[in-house]
Amino acid sequence: MALVKVSQLTKPQKSVVESVPRGVKVVTGPAGTGKTTTGVRRMLRLLTKDKVFANEILVMVPQRALAAPYQEVVDDPSLDAGGRITIDTIGSLSRKIVDLFFPLIADDVGLSGSRPTYLSLETAQYHMARVVTPLIDEFAYFDTVAIARNRLYSQIIDNLNKAAVVGFSHEQVAARLTSAWGNKDKSQITVYEHMQDCANAFRSYCIQHNLIDFSLQVELFWRLWHKPPVREYLVNKYRHLIIDNAEEDTPITHDLLLDWIPEAESALIIEDTVAGYRRFLGAAPDSATRLEALAGTSRDTFIFEDLDSFVTTPELRQLGVELAISLEQPQPSIPERADPREVIGFDQPRYHTDMIVLVAERIAEMVHKDGVAPGEIVVLAPFLSDSLRFTLMDQLTEHQVPHRSHRPSRALREEPAALALLTWAQIAHPAWRTPPNKFDVAGALVSSVEGLDLARAQLVTNTLYKNSKLESFDALASGVQERITFRFGEKIEQLSRWLAEQIANPVDEIDLFWSRLFDEVLATNGFGFYDDIERSTVAANLIDSARNFRQVMGDLDPGKPLAQEYVEMVRDGVIANQYLRSWQRDEDDNTVLLAPAYTFLMSNRPVDYQFWLNVGGTGWWERLYQPLTHPYVLTREWDWEITNRVWTDEREFYTRNETMFRLVLGLIRRCRKGVYLGFSELGEQGYEQRGALLGAVQGMLRRLSNADEGAA
């Protein structure tokens with residue numbers, strides 16, 4: 001992101017940036033109105049003209065990806081030497097403070113005095129499995145729940161995290177969920193009870209083994225904050241605070257800031273209006289509004305309006321207004337009139353596959369004929385399934401449109417590049433006695449050898465994959481070699497020899513094995529990871545994950561080689577950590593992005609054109625099936641102690657409408673020129689499409705058409 005010059009700032013932005021470095025300033029407004037730009041320029045002003053030491057400035061964001069504009073400035077080598085600005089999330093800040101002041105708190109919860117081990121999402125799932133699996137196998141826990149085990153583990157972890165960031169005891173989770181369930185199916189109450197048993201057992205397990213997961217880390221941090229030495233350390237160290245995207249942060253973060261900001265020399269609080277997209281992860285936009293009262297006077301509060309947007313056009317802003325009317329939501333205040341039909345496009349194919357073909361054709365036409373940069377196009381869906389992603393990427397490849405995808409929080413095994421690395425690890429370690437099947441080997445060959453098609457990969461697998469080894473290409477009959485081609489055969493032979501060397505001289509550390517495989521084979525010319533940013537990113541994430549697992553395990557004995565234990569954990573479907581490199585985008589990365597809608601929102605960058613897929617489906621409106629948790633009940637807004645307060649279908653309907661509106665309005669506010677609505681009469685499963693978003697769009701079009709007729 002290019003740094004905006006002070007001369008290019010608007011009058012409200014300059015008022016904030018050039019204010020004296022004392023007191024509290026609050027900036028609110030829609031996305032795209034220059035709030036983060038204001039925060040970055042304010043940070044630079046503190047450093048340069050106000051001569052504030054860099055190590056006295058703390059920038060707080062709810063998610064590391066949202067820190068990118070600040071990080072670019074902090075990393076600028078032209079800045080004067082002398083300290084470094086700190087950029088933190090509640091997770092990174094709490095980790096540092098707990099680690100620094102651990103002796104003050106260890107005895108309070110029963111942890112040993114030795115340095116603890118901190119768990120990532122992946123390693124927390126591994127240890128959760130060790131706790132929960134015996135309960136499932138021996139006592140039939142969750143026997144009425146039809147979801148994969150890794151989803152069970154992640155939802156229990158999510159409940160623990162929600163309790164910590166909302167600020168209630170983890171032992172209350174089941175009671176809160178049960179109170180909102182009411183007198184419906186009693187088997188669900190049993191599920192909540194089983195979940196609570198598992199959560200309690202996991203907390204005891206962590207304390208017993210001196211492990212700290214995110215939930216315990218936040219709880220310890222909150223206790224430490226109330227100890228005078230810790231509070232004095234933070235208040236004296238960071239005298240100037242910049243809080244961005246406060247609406248996406250958690251209640252416990254807001255509680256901390258309410259205590260801290262009055263003691264700071266200056267603070268800038270930035271909030272998006274009609275946002276809070278991370279509510280399923282604990283974001284609390286209503287809680288964030290409490291921070292606004294910290295501003296000294298009304299002159300210290302700056303409201304950036306929709307009309308101040310540097311991104312959207314009047315037609316796009318009117319699209320947000322019309323969708324608000326259709327969904328019976330509060331309307332953004334837009335005094336101008338414009339026709340939103342001028343910035344939306346759509347076709348009406350009958351079948352889902354035809355929709356994908358038309359979308360790819362539209363994108364290709366924009367790129368090749370209209371001169372639109374691929375990097376200014378995003379393709380969004382509520383959930384980007386494997387089949388949708390593969391089909392669309394295949395179509396874009398056929399049209400020679402560069403593209404990439406980003407799907408965080410998926411199981412590591414669901415990425416073909418990761419599956420290839422797992423497969424070669426299993427072949428290179430025959431002592432594990434877990435040989436991969438032929439289907440996985442063929443898929444690994446397609447990912448690993450550049451240009452190799454599935455038909456040839458299956459032929460290679462059927463002829464060379466024998467006795468759990470990849471045999472030499474040279475041993476094949478000449479006719480078979482010619483069918484595979486010697487160009488591919490050369491690479492397959494190179495891979496086969498490398499794996500044979502590893503079998504003869506095995507590497508115990510699986511992350512080192514993959515690093516060597518990547519550097520010596522897969523990332524070289526002619527192999528599938530060569531000059532492929534997406535596959536290389538997956539490989540780097542997997543290597544980091546394996547290294548972290550090895551370090552976290554410490555003295556724990558899984559009863560088998562640690563490398564084998566890790567590979568089996570990933571094969572079982574562990575959900576991936578949030579790796580920052582997956583969110584980062586190079587300035588010269590000119591590719592069409594395919595992503596879930598919420599993922600794009602949290603990258604917080606505008607584009608010229610957006611394609612919304614499956615507009616007629618229910619995914620834009622329905623939330624994920626989560627039988628062990630509830631994102632709206634486990635909040636401060638839900639007063640669970642009120643007698644007979646039940647989460648009803650009516651509440652669910654209203655919440656879904658509100659959530660969908662926030663989602664689509666957030667997308668519109670990050671769009672410069674136009675939105676293409678991709679829908680079909682029949683969905684991916686062959687059913688007629690009648691989703692709420694499609695209904696809202698149709699209502700808007702009918703209303704505008706009637707207005708035209710009335711005017712005529």
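Mind listing whichever residues of region 393-403 are out of contact with any His (no Cβ under 7 Å at 6 or more places or on another chain), buried (at least 18 other Cβ atoms within 10 Å of the Cβ) and modelled with pLDDT of 95 or more?
Initially, region 393-403 is screened for residues out of contact with any His (no Cβ under 7 Å at 6 or more places or on another chain), giving 394-395, 397-403.
Filter once more, so that each one left must be buried (at least 18 other Cβ atoms within 10 Å of the Cβ): 395, 401, 403.
Of everything in region 393-403, those that are out of contact with any His (no Cβ under 7 Å at 6 or more places or on another chain), buried (at least 18 other Cβ atoms within 10 Å of the Cβ) and modelled with pLDDT of 95 or more turn out to be 395, 401.
The conditions are (1) crowded, with 17+ Cβ neighbours inside 10 Å; (2) touching a helix residue (DSSP H, G or I) at 6+ places or on another chain (Cβ under 9 Å), and residue 295 fails exactly one of them. Which is it?
Condition (2) is where residue 295 drops out.
From the list 650, 637, 658, which residue is in contact (Cβ under 8 Å) with a residue 12 or more places away in the chain, open to solvent by 30 Å² or more (accessible area, probe 1.4 Å) and part of a helix (DSSP H, G or I)? Please lay out each step first, then the result.
Details: 650 fails: in contact (Cβ under 8 Å) with a residue 12 or more places away in the chain; 637 fails: part of a helix (DSSP H, G or I).
Just a single option satisfies the conditions, and that option is 658.
Looking at 187, 154, 112, 179, which is the one that is in contact (Cβ under 8 Å) with a residue 12 or more places away in the chain, touching a helix residue (DSSP H, G or I) at 6+ places or on another chain (Cβ under 8 Å), polar (S, T, N, Q) and in a helix (DSSP H, G or I)? It would help to see each step written out before you state the result.
Working: 187 fails: touching a helix residue (DSSP H, G or I) at 6+ places or on another chain (Cβ under 8 Å); 112 fails: in a helix (DSSP H, G or I); 179 fails: touching a helix residue (DSSP H, G or I) at 6+ places or on another chain (Cβ under 8 Å).
Among 187, 154, 112, 179, only 154 is in contact (Cβ under 8 Å) with a residue 12 or more places away in the chain, touching a helix residue (DSSP H, G or I) at 6+ places or on another chain (Cβ under 8 Å), polar (S, T, N, Q) and in a helix (DSSP H, G or I).
List every residue pair whose Cβ atoms sit under 7 Å apart, with the two residues 6 or more apart in sequence or on different chains, where the first one lies in region 85-106 and is open to solvent by 60 Å² or more (accessible area, probe 1.4 Å) and the second, anywhere, is part of a helix (DSSP H, G or I).
Within 7 Å, the pairs are 95/217; 104/224.
If a residue has to be over 30 Å from residue 31 (Cα atoms), open to solvent by 10 Å² or more (accessible area, probe 1.4 Å), assigned to a helix (DSSP H, G or I) and in contact (Cβ under 8 Å) with a residue 40 or more places away in the chain to count, how many in region 195-232 make the cut?
Residues meeting the conditions: 10.
So residue 128 ticks every box in (1) open to solvent by less than 20 Å² (accessible area, probe 1.4 Å); (2) in contact with a helix residue (DSSP H, G or I) (Cβ under 6 Å, 6 or more places away or on another chain); (3) over 25 Å from residue 575 (Cβ atoms) but one. Which box is left unticked?
Tallying (1) open to solvent by less than 20 Å² (accessible area, probe 1.4 Å); (2) in contact with a helix residue (DSSP H, G or I) (Cβ under 6 Å, 6 or more places away or on another chain); (3) over 25 Å from residue 575 (Cβ atoms), residue 128 fails exactly one: (3).
Based on this model, can you work out whether residue 419 counts as in a helix (DSSP H, G or I), in contact with a Lys or Arg (Cβ under 8 Å, 6 or more places away or on another chain), open to solvent by 10 Å² or more (accessible area, probe 1.4 Å) and not small (Gly, Ala, Ser)? Let's see the steps before the verdict.
On the way: in a helix (DSSP H, G or I): yes; in contact with a Lys or Arg (Cβ under 8 Å, 6 or more places away or on another chain): yes; open to solvent by 10 Å² or more (accessible area, probe 1.4 Å): yes; not small (Gly, Ala, Ser): yes.
For residue 419, the condition - in a helix (DSSP H, G or I), in contact with a Lys or Arg (Cβ under 8 Å, 6 or more places away or on another chain), open to solvent by 10 Å² or more (accessible area, probe 1.4 Å) and not small (Gly, Ala, Ser) - is met.
Within region 351-371, is even one residue at positive phi and either free of Cβ contacts under 8 Å to residues at least 40 places away in the same chain or not in a helix (DSSP H, G or I) (or both)?
yes
Restricting the search to region 250-292, which residues are among the β-branched types (Val, Ile, Thr), open to solvent by 30 Å² or more (accessible area, probe 1.4 Å) and in contact with a Pro (Cβ under 9 Å, 6 or more places away or on another chain)?
Going through region 250-292, the residues among the β-branched types (Val, Ile, Thr) turn out to be 250, 252-253, 261, 269-270, 273-274, 289.
Retained after the next criterion (residues that are open to solvent by 30 Å² or more (accessible area, probe 1.4 Å)): 273-274, 289.
Selection gives 273, 274.
Yes/no matrix, rows are residues, columns are (1) in contact with a strand residue (DSSP E or B) (Cβ under 7 Å, 6 or more places away or on another chain); (2) touching a residue at least 12 places away in the same chain (Cβ under 8 Å); (3) open to solvent by 20 Å² or more (accessible area, probe 1.4 Å):
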{"site": "4", "(1), (2), (3)": "no, yes, yes"}
{"site": "14", "(1), (2), (3)": "no, no, yes"}
{"site": "23", "(1), (2), (3)": "yes, yes, yes"}
{"site": "31", "(1), (2), (3)": "yes, yes, no"}
{"site": "56", "(1), (2), (3)": "yes, yes, yes"}
{"site": "62", "(1), (2), (3)": "no, yes, no"}
{"site": "67", "(1), (2), (3)": "yes, yes, no"}
{"site": "72", "(1), (2), (3)": "no, yes, yes"}
{"site": "75", "(1), (2), (3)": "no, no, yes"}
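Residue by residue through region 497-509, note down the ones that are open to solvent by less than 10 Å² (accessible area, probe 1.4 Å) and in contact with a His (Cβ under 9 Å, 6 or more places away or on another chain). Don't jump to the end; show me each part of the working.
The initial filter retains those residues of region 497-509 that are open to solvent by less than 10 Å² (accessible area, probe 1.4 Å), namely 499, 502.
Scanning region 497-509 gives a single hit, 502.
The values are calculated or read from the model by the stated rules, or taken from the named source; none is laboratory data. What you see is a predicted model, and the numbers here were worked out from it, not measured in a lab. Neighbour counts run over all protein chains shown; Cβ positions are idealised from the backbone, glycine included. Protein only, heavy atoms only, side chains kept; ligands, DNA and RNA dropped before computing areas. Shrake-Rupley method; radii C 1.70, N 1.55, O 1.52, S 1.80 Å.
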